[in-house]
Amino acid sequence: MRSLQFSVRQVIGIIAVTLSGVLVSVGIQIPLFFGFLPGYLLLTAVILLKGARPEEVLNRSWEGLKKTRGVIYILLMVSFLLPSWFISGVIDQLVSISLHLITADHFFVSAFFISLIFSMILGTSVGTLSAVGIPIMSSAAALGLPVSITAGALISGAFVGDRTSPFSSSHQLLSHTVEVKTGMQFRRFLPTTLAAILVCMAFFMALDAGKHSGMTVFSNNVFQWSGLSLLKFLPPFILILFVILRLKIIYAFISSVIAAIIISISQGVGILSVIHSLWFGAEGVGGGLSSMYFLLLFLALAGAFNGLLEGYRVIQPLLDHWLSQTTGLINDSIKTITATFIISLISANQTLPIILTGRSFLKHWNEKYDKAELARVMGDSTMLFPGMIPWSVLAIMCSTIVGVPIISYLPYAVFLWILPLLTIILSFYKHNRYKMMQSGSASTTH
């Protein structure tokens with residue numbers, strides 16, 4: 001593949017068209033596919049005008065698309081998971097248990113803490129939300145609690161493990177990219193992680209304390225453990241077991257859906273009713289393949305777009321030049337966070353920002369500070385931005401599972417947006433400490 005050079009104006013133009021398109025599509029509520037398409041077409045046109053062969057561009061697009069196949073398959077199965085669990089009675093049973101174990105007085109902080117524990121064990125936000133998010137969201141609806149706050153609590157907890165757990169694939173990817181051992185990376189994450197968790201707990205406890213006193217409260221005396229069906233525990237048990245055993249999550253979803261369908265049929269649900277639910281979704285929980293057409297097309301297009309960005313190194317040279325002009329830990333931190341945010345805006349996934357930011361900035365950070373500092377800044381930004389951007393694949397998956405629009409839950413997903421602020425504060429503290437150390441060594445020398 002020939003090396004192509006892109007000017008600053010061309011890159012800004014591509015970014016502007018791409019972002020404008022997705023913002024318009026979000027604003028007027030049309031499928032993201034149509035909003036993202038102009039950016040992809042412009043990028044393709046610029047590459048072709050620079051002399052790239054059409055078949056080469058198609059191959060790069062196809063390579064990028066293939067990297068999103070796993071995500072497309074997972075979302076496809078999520079569209080089946082919700083209605084299959086509903087018609088089999090799994091959701092009703094899990095809701096009953098959740099309402100018995102979680103009191104309305106401490107609902108939000110409990111949801112956050114349960115999601116946090118599961119995410120640290122499972123190491124995946126998608127797996128966590130699938131395992132505990134669905135019943136807790138349904139319980140919130142049964143209690144008349146705001147679903148947007150509940151979703152924010154669950155997603156905050158889910159991203160604790162997605163970012164921090166040694167079992168997380170993104171945690172391992174960051175460690176590999178910036179060449180820092182996972183143990184060291186975890187220790188550098190610890191100060192901001194603990195601070196963010198404390199902020200989240202205080203936030204959700206305050207929301208719990210401020211709930212209206214007249215809301216519906218579930219009575220624990222109504223619940224009967226003897227009425228539980230062990231068979232209905234099978235679909236969620238399969239899902240959790242597969243994730244714990246580190247098997248591919250797509251197999252976990254497929255097995256769980258099949259188990260739920262078999263349970264439904266054994267309870268007398270007709271085949272046509274099962275097919276109808278899988279296609280159109282279930283009332284109250286959503287899902288269904290019919291709602292996924294354009295979303296799956298968008299994910300394929302975003303994959304093709306990323307394939308061109310990565311394959312032709314559209315952004316990386318500009319990042320190298322931009323960071324080389326920076327001095328000071330605070331400025332380096334802010335520039336790294338800004339750069340990785342822009343990459344996250346246009347890449348629509350979690351993998352490319354980690355790899356592109358990490359590999360582009362590694363040399364600079366390693367020479368001026370150390371690689372673990374870069375891991376800390378990226379862990380507090382790069383790994384979280386994809387959960388906040390409405391057209392990001394990861395955010396779409398999380399939103400689809402909890403059934404709440406990203407814009408609605410984002411103000412309450414405190415863990416996602418508090419960490420970039422905390423890491424800048426920590427950089428400020430470390431910057432001043434470095435200056436004091438340098439001043440001390442200089443005075444000692446004289």
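Does residue 254 satisfy being closer than 11 Å to residue 88 by Cα and of a type outside the set (Lys, Arg)? Spelling it out, it is not the case that residue 254 is closer than 11 Å to residue 88 by Cα and of a type outside the set (Lys, Arg). Could you tell me whether any residue of region 398-414 is part of a helix (DSSP H, G or I), in contact (Cβ under 8 Å) with a residue 60 or more places away in the chain, farther than 30 Å from residue 27 by Cα and small (Gly, Ala, Ser)? No, there is no match, as no residue in region 398-414 is part of a helix (DSSP H, G or I), in contact (Cβ under 8 Å) with a residue 60 or more places away in the chain, farther than 30 Å from residue 27 by Cα and small (Gly, Ala, Ser).
Take the residues in region 117-150 that are buried (at least 20 other Cβ atoms within 10 Å of the Cβ) and polar (S, T, N, Q); name whichever of them is nearest to the chain's Cα centre (by Cα). Ranking the candidates gives 125 first. Within region 151-177, residues that are farther than 27 Å from residue 107 by Cα reach partners that are modelled with pLDDT under 85 and basic (Lys, Arg) with beta carbons closer than 8 Å, at six or more positions or on different chains, in the pairs 167/246; 177/359.
In the list 71, 78, which residue meets the criterion of being modelled with pLDDT under 85, of a type in the set (A, V, I, L, M) and touching a Phe, Trp or Tyr at 6+ places or on another chain (Cβ under 9 Å)?
Working: 71 fails: touching a Phe, Trp or Tyr at 6+ places or on another chain (Cβ under 9 Å).
Answer to the check: 78.
Of all residues in region 172-186 being in a helix (DSSP H, G or I) and more than 22 Å from the chain's Cα centre (by Cα), which is farthest from residue 366 (Cα to Cα)? Looking at the filtered set, the residue picked out is 183.
Answer yes if at least one residue in region 40-50 is basic (Lys, Arg) and without any contact (Cβ under 8 Å) to a residue 12 or more places away in the chain, and no otherwise. No, the conditions are met nowhere in region 40-50. The set of residues from region 38-57 being crowded, with 19+ Cβ neighbours inside 10 Å and not in a loop (DSSP other than H, G, I, E, B) comprises 39, 40, 43, 44, 46, 47, 57.
Take region 384-397 and flag every residue that is assigned to a helix (DSSP H, G or I) and of a type in the set (Gly, Ala, Ser). Walk me through how you get there before you give the answer.
Filtering region 384-397 down to residues assigned to a helix (DSSP H, G or I) leaves 385-387, 393-397.
Listed by number, the residues that qualify are 387, 395.
Applying a threshold of 9 Å to beta carbon distances and a minimum spacing of six or more residues, or different chains, the list of pairs starting in region 87-115 at a residue that is crowded, with 24+ Cβ neighbours inside 10 Å and of a type in the set (S, T, N, Q) and ending at one that is in a loop (DSSP other than H, G, I, E, B) and at pLDDT 80 or above reads 88/267; 88/269. Would a scan of region 44-64 turn up a residue that is charged (D, E, K, R) and in contact with a Leu (Cβ under 7 Å, 6 or more places away or on another chain)? Looking for residues that are charged (D, E, K, R) and in contact with a Leu (Cβ under 7 Å, 6 or more places away or on another chain), one finds at least one in region 44-64, hence yes. Of the numbered criteria (1) farther than 14 Å from residue 309 by Cβ; (2) buried (at least 16 other Cβ atoms within 10 Å of the Cβ), the one residue 29 fails is (2).
Within region 406-423, the residues that satisfy the criterion of being buried (at least 17 other Cβ atoms within 10 Å of the Cβ), of a type in the set (Val, Ile, Thr) and out of contact with any Lys or Arg (no Cβ under 8 Å at 6 or more places or on another chain) are 406, 414, 418.
Only one of 74, 97 is closer than 30 Å to residue 280 by Cβ, within 15 Å of the chain's Cα centre (by Cα) and among the aliphatic types (A, V, I, L, M); which? Outline the logic, then answer.
Working: 97 fails: within 15 Å of the chain's Cα centre (by Cα).
The match here is 74.
Within region 236-250, the residues that satisfy the criterion of being in contact with a Ser or Thr (Cβ under 8 Å, 6 or more places away or on another chain) and either over 17 Å from residue 76 (Cβ atoms) or surrounded by fewer than 20 Cβ atoms within 10 Å (Cβ to Cβ) (or both) are 236, 238, 243.
Residues of region 353-383 that are assigned to a loop (DSSP other than H, G, I, E, B) and more than 21 Å from residue 303 (Cβ to Cβ): 369, 370, 380, 381.
Kindly evaluate residue 156 against the criterion of being assigned to a helix (DSSP H, G or I), over 25 Å from residue 232 (Cβ atoms) and polar (S, T, N, Q). Step through it out loud before you land on a result.
Values: assigned to a helix (DSSP H, G or I): yes; over 25 Å from residue 232 (Cβ atoms): yes; polar (S, T, N, Q): yes.
Against the criterion (assigned to a helix (DSSP H, G or I), over 25 Å from residue 232 (Cβ atoms) and polar (S, T, N, Q)), residue 156 qualifies.
Here residue 133 fulfils each of the conditions (1) touching a residue at least 12 places away in the same chain (Cβ under 8 Å); (2) out of contact with any Phe, Trp or Tyr (no Cβ under 7 Å at 6 or more places or on another chain); (3) over 30 Å from residue 302 (Cβ atoms); (4) not aromatic (Phe, Trp, Tyr) apart from (3).
Using the structure shown, decide if residue 273 is free of Cβ contacts under 8 Å to residues at least 40 places away in the same chain and more than 22 Å from residue 75 (Cβ to Cβ).
no
Charged (D, E, K, R) and farther than 22 Å from residue 387 by Cα: which single residue out of 69, 60 fits that description?
Criteria check complete, one pass: 60.
The values are calculated or read from the model by the stated rules, or taken from the named source; none is laboratory data. What you see is a predicted model; the values in this text were computed from it and never measured. So basically every Cβ, Gly included, is an ideal-geometry build from the backbone, and we count neighbours across all protein chains shown.
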